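Notes to accompany the following structure.
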Amino acid sequence: MQRRWRVGATAAMAAALMLTGLAGQAHGQTGQTGQPVIASVDLTGVVDPIIAEHITSVIQRANDDHDAAVLITIDTPGGLGSSMDDIDEAILNSAVPVIGYVAPSGARAASAGAFVLMSTPVAAMAPGTNVGASTPIGLSGGDLADKVTNDAAASMRKLAQTYDRNADVAESFVTSATSITAQEAYDQGVIEYLAATQDDLLAQVDGATITLANGTKVTMQTAGATIDEEPLGGFFGFLHTLLDPDLAFIFFWLGLGLVILELIVPGHIFSGTLGTILLILAFVSFGVLPVRIIGIALLVLSVVAFIIELKAPGFGVWGATAIVALLLGGWFLYDRAGGVEVSPGVLIGVAVFAALFFGLVVVKALSLRHTAPVQLRPIVGTDGVAIAPIGPNGGLVRVAAEEWQAIAPGDRIREGTPIHVISIDGLVLTVEAITAEHAPAGQRVPASEGGDPA
């Protein structure tokens, strides 16, 4: 058996190596035809460790394969400084020229995205895009310590000077949270190319001699290049998509609602577990996005106000306070200067959901929870009939045209025996057989099992 396993493992390894060799040969043959290869990767959404790892690996593979260039298409509101640093470092140390391209129209390279664009030896933007707003923002709600801001400004200036760009304008991205359009960036010497499409950009770049961060001069060969798309992938793409300003806000409130539902109406394990997971995802996103402390404080206030409202009947002053705090908390949750915000539609939708959920659903659940059970018709003291044998471990009776679970503490009661209800515990009746002396005149009473026939 062990020998068979070794043979199978050896065959599997050989097959894997063969497939790897064929893939590498296919990639190499693309380059051997004389047609340049450009590795293309997107920087969209929040700059987080997931996208940073993906981009740095693409740059490394492009260097290993000696590709003609790496094209990073940028549309980001910013993100983690540590992830931005990883991307910048990979770009600055790449022997393959990296092209930064803010596209399509409507895209932006804000905050960390501006640093990534400035770190590329070829910077380009599509019309209708913008770049800038890179002032460091922390949980304090304002600028970080002066030394941190000054360090970021110095880094931005150094990147611009590396490629002979307008360092003053680039530095203003940090010091003044300046954001400029693609045309302004081109006119002011912040970028080298203004291109409406990717093909237009590659046509413009072809034949240009550029200088890499290490001083090496490279002549670009991009005309007719084969574009090797490098998608993030299903699972990691899903995780990256979760780190979205709107989704983080929605997850926070949906998770909160589910957790409170579990507390109000215990037993819904699924809702409590799902709510906890959504809250964790929300706080992970809050850790990546440029969150402001004033927004967090207002959201916490809204939670407290909703909980206080649950203690009082109706939807009163605390409920109104909670809604106002929710709206303001969503509005001030992120640094809007960096292009990160909760969209108005999502903000209003969550506020309406929260109002309906807490004002109607949760209040109704609380009222039902504190309402004494209503007995529609008296059961104790009534008579019925056993429709299945009844003993101490249970049986079945019919009382008032309804079937009930029942127990008989005494002798076992036969099917068809008239019974009398002694007590009720939840939905289980305690019964006794109606004996001959208690039976109405003319009624024949079957005997209990173990007793004398009537």
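Worth a mention:
- Accessible surface ranking that places the most exposed of Ser179, Ser57, Ser105 first, with a 1.4 angstrom probe: Ser105, Ser179, Ser57
- Accessible carbon and sulfur surface of region 61-190 relative to its total accessible area, %, 1.4 Å: 47
- Between Gln35 and Asp164, the modelled labels are 3.4 nm apart [label points 7 Å from Cα along Cα→Cβ].
- Estimated inter-spin distance, Asn93 and Leu427, nm [label 7 Å along Cα→Cβ]: 6.7
- Per-residue SASA entry for Val300, accessible area with 1.4 Å probe, Å² rounded to 10: 80
- Using the Cβ-Cβ distance between Phe283 and Ile379 with R0 = 51 Å, the FRET efficiency computed as 1/(1 + (r/R0)^6) comes to roughly 0.50.
- Estimated FRET transfer efficiency (Asp187, Arg61; beta-carbon r; R0 22 Å; 0.05): 0.05
- When nucleic acids and ligands are ignored and a 1.4 Å probe is applied, Arg414 ends up with an accessible area of around 110 Å².
- Using 0.36 nm per residue and subtracting the Cα-Cα separation, the extra length available between Thr209 and Thr273 on full extension is 17.3 nm.
- FRET efficiency, Thr241 to Val304 (Cβ-Cβ, R0 30 Å, nearest 0.05): 0.45
The values are calculated or read from the model by the stated rules, or taken from the named source; none is laboratory data. Remember, it's a predicted structure, so these values are computed and weren't measured experimentally. Neighbour counts run over all protein chains shown; Cβ positions are idealised from the backbone, glycine included. Accessible surface areas use protein heavy atoms only, side chains included; no ligands, DNA or RNA. Shrake-Rupley method; radii C 1.70, N 1.55, O 1.52, S 1.80 Å.
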